[in-house]
Amino acid sequence: MILGSNFDTFYSDRYLTTLHLKKLHDVLSGVPYEHIIILANTDNYGGGGIYNSYLMSAAHNDKNLPVVVHEFGHSFAGLADEYYYDDGYESMYPSDTEPWEPNITTLVDFKSKWADLIKDGVDIPTNPSGKNVYEGLGVYEGGGYQSKGVYRPVQECRMKVNEAPVFCPVCERAIKRMIDYSTIRK
């Protein structure tokens, strides 16, 4: 418990974080790093990713590798969760404000999101097709913990389910932009 990690952040039994950021950076002093990945010595399912800070995942759970990938999306690229609850967080994202995360929208300023990637003829919002749920870029309702009023790019992405084999094109672009930002010399 060097970093005092704990589950139940924001009352979620699988949200694993640490609030001891000064201690975290003290532990890492003298070690060069670009991104922090913390594996907690537990077999409980869970993790957490804080943009521009760190990601944390259980080290001994069968699903820890997919969780690390998902939490990397949060911590490295600022991606939002694309899953939703049954309106448990119905006011997480106000309907009159565009979320800052690149992979969800309230349609207030969709032009600034992934509108440029949508093929002609795709309805906005987009009705789920039931076909290949990992493809079919559109604007699907349900994301950012809300079942209504927040939209995601595909039916199933790494930011929604661990079973998705890859990030969707919108998330991939956001990750690429962060890599480019971090590596291209100006």
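With contacts taken as Cα pairs under 8 Å at a separation of at least 6 residues, region 81-186 carries a relative contact order of 31 percent.
Checking Cβ-Cβ separations below 4.7 Å across the chain identifies C171 as cysteines lacking any candidate disulfide partner.
Across every pair of different alpha-carbon atoms, what Kirkwood hydrodynamic radius in Å does the chain reach?
Values: mean 1/r = 0.0573 Å⁻¹.
Roughly 17.5 Å, rounded to one decimal.
Rounded to whole numbers, the Karplus 3J(HN,Hα) couplings from phi for region 158-169 are 4, 7, 10, 9, 5, 6, 4, x, 8, 6, 6, x Hz, using 6.51 cos²θ - 1.76 cosθ + 1.60 with θ = phi - 60°, and x at Gly and Pro.
Would you mind pulling out the separation of the Cα centroids of region 49-85 and region 133-182, in Å? First find each Cα centre; the distance between them is then 13 Å. Put simply, the amide H of K160, placed in the peptide plane, has neighbours under 5 Å in E82, leaving out anything fewer than 5 places away on its chain.
Helix 64-77 and the longest principal axis of the C-alpha atoms of the chain enclose an angle of approximately 70°. Look at T105, T42, T18 and count the other Cβ atoms within 10 Å of each Cβ; fewest to most, that gives T42, T18, T105.
Bridges between two residues of the chain, per DSSP, are antiparallel at a rate of about 60%. The residue list A174, G144, N64 was ranked by how far each Cα lies along the charge dipole of region 45-186 toward its positive end, using unit charges on Cβ atoms, and A174 comes out on top. When restricted to Cα atoms, region 9-77 yields an Rg and a Dmax of 11.7, 35 Å, respectively. Among the chymotrypsin sites (Phe, Trp or Tyr not before Pro) in region 1-91, those placed in a DSSP loop whose Cβ has at most 11 other Cβ atoms within 10 Å are Y33. Computed over every Cα-Cα pair of region 81-186 and binned at 10 Å starting from 0, the pair-distance distribution P(r) comes out as 15, 47, 30, 7, 1 percent.
Where a number appears in this text, it was derived from the coordinates with a stated rule and is not lab data. Computed from a prediction, not measured in an experiment: that's the story for all the values here. Heads up, the Cβs are rebuilt from the backbone with ideal geometry, glycines too, and the neighbour counts pull from every protein chain shown.
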